[in-house]
Each structure stands twice: as structure tokens, then as C-alpha cells.
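Undergrad: Structure below; questions to follow.
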Amino acid sequence: MKVASLLLVILLSGCASQTIEPSYYLLRSNLDLQSSELNPSKDFSMGNVVIASYIDQQGLMMETAEGEMRPARHYLWAEPLYEGVRNFLFVEIAQAKGEDLLPSRLSNSTTMIDIRIDQLNGTRDGKAQLVAYWWLRRNGEVLSFHRFAESQVLAADGYPALVAAEETLLTELAKKIAASLVVTDA
């Protein structure tokens, strides 16, 4: 009996000391990109992309109670969220618009697109949520201001499904931004 108890204690202590390996996620477009010369927009360029500070961290964000958010400890972004969102939107807006956007510092375009992500998280009821704003700016003047506030039901339980739903929402945001890029007279 003492040997069995000793073995049980050893087994339980071994289980308690096992560490959970973190899972890392990238925000990447599902588009099949090919090597080619870029076709930069002559009218629009990418300005600032700002991510709300509470979500701009390594752990994926999950709503745990009304007004309460918690970053995941073991489900992490593989790169700074700012970089992932910015790169994702560059690719997706270009696809939707049919022409590439350059960063404003590399472009002679007169109209800049500024984007602010205020919410990008999982909800208690099994959805991904995205709230974002964008505005078109020329010579310091705001030409138009837009809001995107949508949610997407997760296809399955778990963080991989959350990331997939967030990518779907970011793709929809990119399409809305591209649709707002209409050339107007100065």
C-alpha cells in the first residue's frame, strides 16, 4: 500500500510540473500571393494604423464578463498585433481595390487612409468582435469618416477558430475600406 501511494504521489507530481506549451498565431491573408511588380495607387496611400492599447499585446483577448477582458496566457500572437493587422490590411485592401497601397511616406498620393482598431477580441457568447474606424485625409483635412462594427460566430470552440473569425472580420473591414476609396476632386 505504501508503494502504491508513493507511485501515485510521484505520478501526480509529474503531471503538476508539466508546462503548457504556448500556441502562436499569425494574422495572414489567405490570398495566394505571387511574385510580381506592384501596381501602386496613384490616389491613395496607407497612413497611420493604431491599435487600442489593451488589445495591442501578445495574448489573444477574450471577454470574460461584462466590461472585463483577459489576455490568453498560452494563445499568443507570433508578432506584434500592430504589425499583423497592418500587413493583413495592406494585402486585403489591395486585393479588394485592385491596386496596391504604399505607406504614405513612400507615396506621392494625396489621400491617406488612417485606421484605428478599437476592439478585436472574443466574446463570452462565442463570437469574434471587431470595431474599427477609418478616415480619409488629404492635406490635413478629413474628407470622410467611417465605422465598422461587426461580429462573427466562431465555427468551432477554441482559439484557432477565434483567429479565423478575426481574419474574416478584418477581410470584411478591408473590403469596406476599399469601397470607400473613391477619387474626388480636390
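Undergrad: Please specify each residue of the stretch 147-186 satisfying the condition of being within 17 Å of Ile115 (Cβ to Cβ), surrounded by 13 or more Cβ atoms within 10 Å (Cβ to Cβ) and either touching a residue at least 60 places away in the same chain (Cβ under 8 Å) or out of contact with any strand residue (DSSP E or B) (no Cβ under 7 Å at 6 or more places or on another chain) (or both).
TA: If the condition is that a residue be within 17 Å of Ile115 (Cβ to Cβ), surrounded by 13 or more Cβ atoms within 10 Å (Cβ to Cβ) and either touching a residue at least 60 places away in the same chain (Cβ under 8 Å) or out of contact with any strand residue (DSSP E or B) (no Cβ under 7 Å at 6 or more places or on another chain) (or both), then Glu166, Glu167, Leu170, Thr171, Leu173, Ala174, Lys175, Ile177, Ala178, Leu181 are the ones that fit.
Undergrad: Restricting attention to the stretch 74-96, report how many residues are surrounded by fewer than 18 Cβ atoms within 10 Å (Cβ to Cβ) and either farther than 20 Å from Ala165 by Cα or of a type in the set (Asp, Glu) (or both).
TA: 2
Undergrad: Moving to a separate point now. Among the residues in the stretch 148-159, are any more than 24 Å from Leu33 (Cα to Cα) and in a helix (DSSP H, G or I)?
TA: Taking the stretch 148-159 first, the residues more than 24 Å from Leu33 (Cα to Cα) are 148-159.
Pick out the ones that are also in a helix (DSSP H, G or I) and you get 159.
Looking through the stretch 148-159, at least one residue is more than 24 Å from Leu33 (Cα to Cα) and in a helix (DSSP H, G or I).
Undergrad: Something else: Looking at (1) part of a strand (DSSP E or B); (2) at pLDDT below 95; (3) closer than 16 Å to Ile51 by Cα, which one does Arg116 not meet, given that it meets all the others?
TA: (2) is the only condition that Arg116 fails.
Undergrad: Being hydroxyl-bearing (Ser, Thr, Tyr) and surrounded by fewer than 17 Cβ atoms within 10 Å (Cβ to Cβ) is the filter; apply it to the stretch 42-73 and report the residue that is nearest to Gly140 (Cα to Cα).
TA: We begin by selecting, within the stretch 42-73, every residue hydroxyl-bearing (Ser, Thr, Tyr); these are 45, 53-54, 64.
With the extra rule that they be surrounded by fewer than 17 Cβ atoms within 10 Å (Cβ to Cβ), the set shrinks to 53-54, 64.
Working: Ser53: 25, Tyr54: 28, Thr64: 40 Å.
Out of the qualifying residues, it is Ser53.
The values are calculated or read from the model by the stated rules, or taken from the named source; none is laboratory data. Computed from a prediction, not measured in an experiment: that's the story for all the values here. Ideal geometry is used to build each Cβ from the backbone, glycine not excepted, and the neighbour counts take in all protein chains shown.
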